[in-house]
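Shown next, in structure tokens, is the structure this report addresses.
The values are calculated or read from the model by the stated rules, or taken from the named source; none is laboratory data. Please read all numbers here as calculations on a predicted model, not as lab measurements. Cβ coordinates were reconstructed from backbone atoms using ideal geometry, including for glycine residues, and neighbour counts include every protein chain displayed. We work out accessible area using only protein heavy atoms, side chains counted, and drop any ligands, DNA or RNA first. Shrake-Rupley method; radii C 1.70, N 1.55, O 1.52, S 1.80 Å.
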Amino acid sequence: MHTKLQAIHKSIEQSLKKNYVDALTLALTINDKGEPENFEAVGKQILASDSNIDAVQLVPNGIIRYTYPLKGNEAAIGINLFNDKKQRPEALKAIKTRKMHFAGPFELKQGGMGILGRLAIYKNNKFWGFSAVLIRLNTLLEKPEIKKLDQSKYYFQFSKINPITKKENFFLDTKTKLNPKNAITSIIPDGDWKLYLVDKKPYELIFPFAVRAFLALILASLIGFLTASFFKKPAELEKLLRKQTDKLLRNEIKFKSIFDQAAVGITYLDSITGRFSEVNKKFCDLTGYSSDELKLLDVKAITHPDDIEKSLDFLKKLYRKEIQEYAMEKRYITKSGEIIWVNITVSALWKEEEATSKHVIIIEDITKRKKADQIIIDSQQRIESLINTVDGIVWECDAKTLEFTFVSKKVEAILGYTAKEWMSTPSFWTDHIHHQDKDFAIQFCAEQTALKLDHDFEYRMIAKDGSTVWLRDIVNVIIENEEVKTLRGIMIDVTKNKEIQKDLNNSFNLVSEQNKRLLNFSYIVSHNLRSHTSNISSIVDLIENSDSEDEKEEMIQLLKSVSDSLNETMLNLNEVVNIQTNVDIVTEKLNLKQYIDNTLTILSDQIQLKGVKVISSVKKDIEIIYNPAYLESVLYNLISNAIRYSHQERHPTIQIDCYTEGKKTVLKVSDNGIGIDLNKNGHKIFGMYKKFSTHKDSKGIGLFITKNQIDAMGGSITVESEPNLGTTFKVYIS
């Protein structure tokens, strides 16, 4: 039984190895462009020379596209192995092992049970697909070793572990249930099959001794028969030798034909000397040498000097049996001196237990692809160089996720980040927009993108050093198949423009304010001086026309009073001019509470006389940067006004507070005095010589000077007041 099963095993295994040669032959029909050449002619030749297969296939990208013969196999065309649950696991196994793998048996789309031997094909180190041979189950079982089994004593069975269910499936129908105790087994690894030979009569040798006796009786006859057979054996061996020689010759002719007609270069290389022993026509065409010329050369003679070291390293590893194959891209120098690029696949042609002998090299010309790649690389480098000269950050991002796929090197000069830092974080752009501009920028961009409109907007980003940079972002919306796919644009640094614009606005506001003040001052000067000069002119006329000395004396005294008033007006106007024209105002760090206390001390007589209650919550440690004289003047005017305009019918109270509002310090002075009708007088409360009461000491100059001093320090003053309730002044100190 063991001898018979080994014969079946060997017969099947030899057929499978032959199928490997067929699949490899089929793979060699694929040209440099990844397309089969002479598929039907080669397929016909393969089927004619191998009766153990029923069809051949080429399966690019796992989809059956080519079948010979097509008749009877039409249903297989277009099947995607990777989408077929039954075929996918074993297809992936063929890719993983990179060896010929026999899938099945399974039900074929074209009918019947069959086995598919698949060999994974790689072009440019990239998976191309499979070359495959189809063996129908009946064809496999036509082996003479199976057919000649004595069906009365044995039956043959084979099984396989289903890669999906993980259960053992038996493929041959038998009437007798298989009993492992009565069987011997063998494994075919190329198909993961388990062969069984089962003894139908396990108890046949109950009488072994009787059999021995019988054998003893016929021993003499057997010796005679063997002697006769021995003399016939040489003739039978000679006949078998001629048969095997003819078979080898046919195979050699077939291989030689395929070898010479292959669409890729093929050569045998002596592993010890490095010389070419056999080369095909395609390899001769690639290098420009004849076959005889190449056989006189070694591999180094046609290899580019820059690629020799790498090639020899691989060959040494192959020679030392550290690897069985390798693939690489390298350059050959042709006979004419031209440099060509090739992709080579080198495989050993010896088994692990055998001595190193030779290896086969398959050469694919990739010069055109390499030149095209270099043109693309050069173009990309030129474009990138051009982009990096642009005075702005050129960028590209996904329209939906806003994840950037390209950022030019200019980003380092403008924001301090590298392009790698930017693109390593998907949300980098949104994370680094200034918090005051973030919602606007993201929303505006999303709205314009949704409308499929190119857009242009300005916002601020935070640079790597923490500074704020103003950017003008000009965005181009890229539409594919009526859908926005990509955004591209350029970010231009407009920080200097913004600063210039800000300075211009500040200058404009300053000039406007100065003009406003100048105009207001001119009105004041014109009004007040005209009033005084008019009075003087009238008095002079009266003096000239007076009849008595007493009347003249009276007019002179009146003239003196008007002159004093004019002098006071001139002093007031001069003080205003000094405030408004003082560019270099000296400032110091001042303790606010100390200056308040000093002011209260100066006004202590008035406070005591009117019985004013002063409540101050200003802390001792509050300090401000201010001009000392201006601070004294502001405090004096505000507190003295609160005392002067106190209400006669209630106890006067002044509340002084200090607090922070935003980035400014606020000084608040409140009283419960007579108040001001702001609806009537609010627009002129800080005007010069504007009076809102009949108080004898009211001159209408204090608040005017106070506001000018506060404005000169870059601050502001507001007022809240109601008649008979009181007034609150707030001084904002920058």
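Scanning the stretch 403-425 for residues that are farther than 18 Å from Gly489 by Cβ and either part of a loop (DSSP other than H, G, I, E, B) or among the aromatic types (Phe, Trp, Tyr) (or both) yields a count of 3. Against the conditions (1) in contact with a helix residue (DSSP H, G or I) (Cβ under 8 Å, 6 or more places away or on another chain); (2) within 30 Å of Asp365 (Cβ to Cβ), Ile135 satisfies every one except (2). When you go through Ile383, Ile377, Ile361 one by one, which is the residue that is at negative phi and either in contact with a strand residue (DSSP E or B) (Cβ under 9 Å, 6 or more places away or on another chain) or at pLDDT 90 or above (or both)? So the residue among Ile383, Ile377, Ile361 that is at negative phi and either in contact with a strand residue (DSSP E or B) (Cβ under 9 Å, 6 or more places away or on another chain) or at pLDDT 90 or above (or both) is Ile361.
I'd like to verify a number: residues in the stretch 390-416 that are farther than 21 Å from Val477 by Cβ and open to solvent by 20 Å² or more (accessible area, probe 1.4 Å), how many?
Kept after step one, since they are farther than 21 Å from Val477 by Cβ, are these residues of the stretch 390-416: 391, 409-416.
Applying the additional criterion that residues be open to solvent by 20 Å² or more (accessible area, probe 1.4 Å) yields 391, 409-410, 412-414, 416.
Qualifying residue count, the stretch 390-416: 7.
Specify the residue that is nearest to the chain's Cα centre (by Cα); the eligible residues are those in the stretch 462-489 that are closer than 18 Å to Asp437 by Cα and hydrophobic (A, V, I, L, M, F, W, C). Selected residue: Val475. Taking the stretch 624-657 as the range and being hydrophobic (A, V, I, L, M, F, W, C) and touching a residue at least 12 places away in the same chain (Cβ under 8 Å) as the test, the residues that pass are Ile624, Ile625, Leu631, Val634, Leu635, Leu638, Ile639, Ala642, Ile643, Ile654, Ile656.
Restricting the stretch 588-619 to residues that are modelled with pLDDT under 90 and not in a helix (DSSP H, G or I), which is least open to solvent (accessible area, probe 1.4 Å)? Here the residue is Leu603. For Lys148, are the conditions met, namely being open to solvent by 60 Å² or more (accessible area, probe 1.4 Å) and at pLDDT 75 or above? Yes: the conditions hold for Lys148.
Among the residues of the stretch 438-451, the one identified as open to solvent by less than 40 Å² (accessible area, probe 1.4 Å) and of a type in the set (Gly, Ala, Ser) is Ala441.
Working only within the stretch 52-73, note down all residues that are in a strand (DSSP E or B) and under 24 Å from Ile12 (Cα atoms).
Step one: filter the stretch 52-73 for residues in a strand (DSSP E or B), giving 55-60, 63, 66-68.
Within the stretch 52-73, Ala55, Val56, Gln57, Leu58, Thr67, Tyr68 meet the criteria.
When the test is whether a residue is in the same structural domain as Glu168 (by the TED database), open to solvent by 50 Å² or more (accessible area, probe 1.4 Å), closer than 23 Å to Ser11 by Cα and at pLDDT 90 or above, Arg136 passes it.
Just one residue in the set Gln14, Gln45 is modelled with pLDDT under 85 and assigned by the TED database to the domain that holds Lys148; that residue is Gln14.
Among residues of the stretch 94-119 that are assigned by the TED database to the domain that holds Ala132, those with a beta-carbon under 6 Å from a residue that is of a type in the set (Val, Ile, Thr) and open to solvent by less than 60 Å² (accessible area, probe 1.4 Å) at least six positions away or on a different chain give the pairs Phe102/Ile115; Gly104/Ile115; Pro105/Ile115; Ile115/Ile135; Gly117/Val133. Among the residues of the stretch 364-379, is any over 28 Å from the mean Cα position of the chain (by Cα), loosely packed, with under 12 Cβ neighbours inside 10 Å, part of a loop (DSSP other than H, G, I, E, B) and in the same structural domain as Tyr319 (by the TED database)? Within the stretch 364-379 (the criterion being over 28 Å from the mean Cα position of the chain (by Cα), loosely packed, with under 12 Cβ neighbours inside 10 Å, part of a loop (DSSP other than H, G, I, E, B) and in the same structural domain as Tyr319 (by the TED database)), the answer is no, since none of the residues qualifies. Going through (1) touching a helix residue (DSSP H, G or I) at 6+ places or on another chain (Cβ under 6 Å); (2) in a helix (DSSP H, G or I); (3) in contact (Cβ under 8 Å) with a residue 24 or more places away in the chain one by one, Tyr332 falls short only on (2). Taking the condition modelled with pLDDT under 85, out of contact with any Leu (no Cβ under 7 Å at 6 or more places or on another chain), assigned by the TED database to the domain that holds Leu349 and polar (S, T, N, Q), does Gln244 pass? For Gln244, the condition - modelled with pLDDT under 85, out of contact with any Leu (no Cβ under 7 Å at 6 or more places or on another chain), assigned by the TED database to the domain that holds Leu349 and polar (S, T, N, Q) - is not met.
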